[in-house]
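Read-outs throughout are calculated quantities, based only on the coordinates presented, and are distinct from any laboratory measurement. Owing to the predicted nature of the structure, the values given are computational and were not obtained by experimental measurement. We place every Cβ from the backbone using ideal geometry, glycine too, and count neighbours over all the protein chains shown.
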Amino acid sequence: MTHQYVAVQWTRRKVIYDAILIGLMALYLLAFMQTSHWIADLRGIELETDGVAIRAYGSAAYILLHLTLAIGPLSRLHPWFHTLLFNRRHMGVMVFLLGAIHVSGWTLPSQPWIWLGMKTPKLPWAFYGSVAWYNNFGDLKPLVSLFTVNRHFGSLALFPFELLGVIGLVVLFVMAAISHDFWLANLTAPVWKAIHMSVYVGYAALVGHVLLGALQTNRNPWLAVLVLSGALALLTLHLLSGWREWYSDRADLAQPGHSWVDVGALQDIADGAAKVVMLSGERVAVFRRGTSVFALSNVCQHQNGPLGEGRIVNNCAVCPWHGYEYELETGASPPPFHESVPTFPVQLREGRILISPVPIAAVQR
Ligand code: FES
């Protein structure tokens with residue numbers, strides 16, 4: 001927080017989530033490659049191992065990118081998904097790593113030489129990435145071939161889809177490289193956030209890459225339909241969550257002349273989590289810990305993250321975006337940190353939560 005660059009703490013839960021993520025990705029890759037070979041055997045076709053591995057890693061990166069981009073809107077639509085917000089950055093870094101392997105293969109140390117046109121021996125378990133494998137058959141060096149052979153820039157159907165993949169990977173690289181809080185602190189939050197919004201530019205480029213790649217190399221219309229369905233599902237999720245936020249912002253519960261506002265039943269909030277309500281134009285995060293309730297401003301002091309989508313850890317509300325913590329009773333960050341958010345007076349009456357819409361000023365330490 002203010003005195004050090006530690007944004008993503010390695011908690012036990014994060015380690016478990018990362019282990020699950022790596023395990024699921026490994027299972028997907030194995031299943032993809034094995035199934036491809038089984039299908040090829042059934043059809044009596046011989047498959048190139050490199051081509052299958054390239055597609056396995058590329059599709060894994062593409063699917064994981066969709067899941068990563070869906071977490072934000074999903075967590076606004078249902079609290080079940082809040083917990084995934086804590087690992088979203090790790091998922092983004094994993095997307096880049098899978099994409100990089102799709103491009104470079106597992107012969108990474110020899111790739112620069114292969115791209116420059118030098119032949120190097122390949123280990124038995126390794127595979128060539130897409131740059132070396134698809135561009136290694138002519139006289140041109142693979143990297144030169146990648147950027148120069150297809151010049152159909154004026155044709156949508158023949159457009160060099162590989163270049164769209166390069167744009168997408170560069171964007172993912174920048175995202176992964178500056179994902180640590182060191183960069184967040186040095187670039188300042190607005191600049192860092194603006195750069196991270198360019199993930200949607202990278203996403204658009206990758207949709208074009210996969211879509212045109214499917215149509216130009218596979219001529220498989222079902223793959224194109226699948227790609228478009230994924231993009232449509234993501235767009236729908238973002239529109240739905242935007243509409244939900246706009247709608248709940250309009251449903252201001254505070255009424256003139258009422259000093260206490262009934263914001264709902266205690267049992268409607270999961271233990272250790274929160275719900276967000278609108279009071280006098282301000283979003284308030286109402287947290288439940290057992291039979292106690294606490295109301296804090298929903299706006300994290302770090303980067304305006306949605307505090308109400310976080311969880312209670314060690315008597316603190318933890319922001320889901322980068323882990324800033326605020327004590328439930330005071331709204332102040334535990335020492336030695338100095339951030340704080342306003343709190344609101346709360347009462348529990350017969351299982352109903354009553355909140356005064358007049359905030360208590362943030363505690364300064
Ligand atoms: S911790 Fe970064 S926005 Fe809350």
Rg to Rh quotient for the chain, alpha carbon positions, Kirkwood Rh = 1.06
Cα centroid of segment 161-181 to Cα centroid of segment 330-363, whole Å = 40 Å
For the chain, compute the number of Lys pairs whose alpha carbons are separated by less than 27 Å, excluding pairs fewer than 8 positions apart on the same chain.
-> 5
Of 134, 326, 203, which has the largest mean-square fluctuation in a 10 Å C-alpha GNM of the chain?
-> 134
Choose one of 27, 345, 290: the residue whose Cα lies farthest towards the positive end of the charge dipole of the chain (beta-carbon charges +1 Lys, Arg; -1 Asp, Glu; about the Cα centre).
-> 27
For the chain, modelled as a GNM with alpha-carbon contacts under 10 angstrom, which of 85, 212, 47 fluctuates the most?
-> 47
Relative contact order in percent for the chain (Cα pairs under 8 Å, 6+ apart) equals 14 percent
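Summarise the long-distance tail of P(r) for segment 274-365 by giving the % of C-alpha pairs beyond 21 Å.
Percent of Cα pairs beyond 21 Å in segment 274-365: 21.
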Could you tell me the distance between the Cα centroids of segment 270-296 and segment 25-69, to the nearest Å?
-> 44 Å
